[in-house]
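For reference, the structure discussed in these notes is given below.
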Amino acid sequence: MTGLLSPRTARTARGARTGPRLPARTAFRLTRPPVSGVLRPRLVVVGTGLVLAGFLVFCLGISVGEVPIGVTEVMRSLVGAGDPATGLIVHELRLPRALTGLLVGIAFGVSGALFQTMTLNPLASPDMIGITQGAGAAVVAGVVLGWDAGLSTQSLGLLGALATALLVYALAWKRGTTGYRIVLVGIGVSWVCTSLTDYLMAYGGQFEAQASLGWLVGNLNGRDWGAVGPLATALAVLVPVALLLGRRLRTLQLGDDVAKGLGTPVQPVRLATLLTGVGLIAFGTAAAGPVAFVALAAPQVAQRLARTAWPPPLTSGLTGAVTVLSADLLAREVVPGTELPVGLVTGVLGAPVLLWLLVRANRVGSGG
């Protein structure tokens, strides 16, 4: 029947069948204060849904334990009401773990979005280009060889990730850097760091090896308020920087020559993005270990939920938070009486996502 209608009428009929759709973007301009921009309604809807889903999983995670607590009681305790004994369990024993998982997910998701946008490659996550492995090698070296010199795990992870990132950037430099060279060099450096970590594990004693292994898998067990403070401070500084870099990064998607023509300082923006992503992944890794595949999968899921041409940083962070919190809940419930490391669950869930990305890249001929 559509063939008997005019093109305009046919489009109207199809719109009636599919229902109203959100506009892709809406421009706005305020006189006081003088602010203008573009609002993407779908991003707002998706972000709101992720916040609600994250809060629900957050409360469910706190309710699970040797002493079960109802979700309603958890919410009452979070606002300072409810039974004092329940409040003690929630605030002192379970809330630090849940907050660590929430913040780690945000850090990994935003960092993955930055790397994938900068390199124009959906496979270019900190897991794949050596940043996570560099942080892990530094922490394991500090534990096994005693090179920590009084430094905390956060400091070791930050130094290791920063040194690895600068090494990748220097090796990829050839009258500038490109996303393609960063990915190729990063894969090689990641294997060097992985081999170094394996050697240190074999070299160290049984106690040091067990301590390092528990951290390397990616674990939220036993996290206290000491792990929350540095990570929350880092996110308060780095996430706004990541959002400010978003506009510059979108011009890089047009190619270096076009970006330069639009006034974007390509290499400074790329370096600033690299350092911001490194800071996020380093503090997240130091708090919970290298939780596998979150930085790779969360931006891709967020991009498809938001239907944007690039992984949106804030939505990617919210997706990462929901992923880590859900994986931690599964890790405690899948085997009764046993708390599995959260990294094992994200690895099992993330491997199919990696295979799907590889197959999709091969079909479109992009090579990833």
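Would you mention how many residues in the range 85-107 are modelled with pLDDT of 85 or more and surrounded by fewer than 16 Cβ atoms within 10 Å (Cβ to Cβ)?
4
Only one of (1) open to solvent by less than 30 Å² (accessible area, probe 1.4 Å); (2) touching a residue at least 40 places away in the same chain (Cβ under 8 Å) fails for residue 269. Which number is that?
Just one mismatch for residue 269, condition (2).
Inspect all residues belonging to the range 207-225 and state whether any of them is without any contact (Cβ under 8 Å) to a residue 24 or more places away in the chain, in a helix (DSSP H, G or I) and surrounded by 13 or more Cβ atoms within 10 Å (Cβ to Cβ).
Yes, the range 207-225 contains a residue that is without any contact (Cβ under 8 Å) to a residue 24 or more places away in the chain, in a helix (DSSP H, G or I) and surrounded by 13 or more Cβ atoms within 10 Å (Cβ to Cβ).
When you scan the range 72-84, how many residues do you find that are part of a loop (DSSP other than H, G, I, E, B), surrounded by 13 or more Cβ atoms within 10 Å (Cβ to Cβ) and under 29 Å from the mean Cα position of the chain (by Cα)? Quick ask: steps written out before the conclusion?
Filtering the range 72-84 down to residues part of a loop (DSSP other than H, G, I, E, B) leaves 79-83.
Filter again for surrounded by 13 or more Cβ atoms within 10 Å (Cβ to Cβ), leaving 82-83.
If we keep only those that are under 29 Å from the mean Cα position of the chain (by Cα) too, we end up with none.
The total comes to 0.
For the range 339-348, which residues satisfy the criterion of being in contact (Cβ under 8 Å) with a residue 12 or more places away in the chain and either aliphatic (A, V, I, L, M) or part of a helix (DSSP H, G or I) (or both)? Can you show your working first?
First pass over the range 339-348, keeping only residues in contact (Cβ under 8 Å) with a residue 12 or more places away in the chain: 339, 341-347.
Passing the criteria: 342, 343, 344, 345, 346, 347.
Only residues that are among the aliphatic types (A, V, I, L, M), free of Cβ contacts under 8 Å to residues at least 24 places away in the same chain and not in a helix (DSSP H, G or I): list them for the range 303-338, please.
Matches in the range 303-338: 334, 335.
Need pairs with beta-carbon distance below 7 Å; first residue more than 9 Å from residue 320 (Cβ to Cβ) and part of a helix (DSSP H, G or I) and within the range 95-113, second open to solvent by 30 Å² or more (accessible area, probe 1.4 Å) and of a type in the set (Asp, Glu); sequence gap 6+ or separate chains.
If the second residue must be open to solvent by 30 Å² or more (accessible area, probe 1.4 Å) and of a type in the set (Asp, Glu), the pairs left are 96/224.
Does residue 294 satisfy being hydrophobic (A, V, I, L, M, F, W, C), over 9 Å from the mean Cα position of the chain (by Cα), at pLDDT 85 or above and closer than 29 Å to residue 169 by Cα?
Values: hydrophobic (A, V, I, L, M, F, W, C): yes; over 9 Å from the mean Cα position of the chain (by Cα): no; at pLDDT 85 or above: yes; closer than 29 Å to residue 169 by Cα: yes.
Against the criterion (hydrophobic (A, V, I, L, M, F, W, C), over 9 Å from the mean Cα position of the chain (by Cα), at pLDDT 85 or above and closer than 29 Å to residue 169 by Cα), residue 294 does not qualify.
Given the condition in a helix (DSSP H, G or I) and at pLDDT below 85, answer yes or no: does some residue in the range 119-132 qualify?
Taking the range 119-132 and keeping what is in a helix (DSSP H, G or I), we get 119, 131-132.
Cutting the leftovers down to at pLDDT below 85 gives us 119.
Yes, the conditions are met somewhere in the range 119-132.
Can you give me the number of residues within the range 108-152 that are buried (at least 22 other Cβ atoms within 10 Å of the Cβ) and charged (D, E, K, R)?
1
The values are calculated or read from the model by the stated rules, or taken from the named source; none is laboratory data. These numbers come from a predicted model, not from an experiment. When we count neighbours, we look across all protein chains shown, and the Cβ atoms used for this are built from the backbone with ideal geometry, even at glycine. Calculation scope for accessible area: heavy atoms of the full protein, side chains included, ligands and nucleic acids excluded. Shrake-Rupley method; radii C 1.70, N 1.55, O 1.52, S 1.80 Å.
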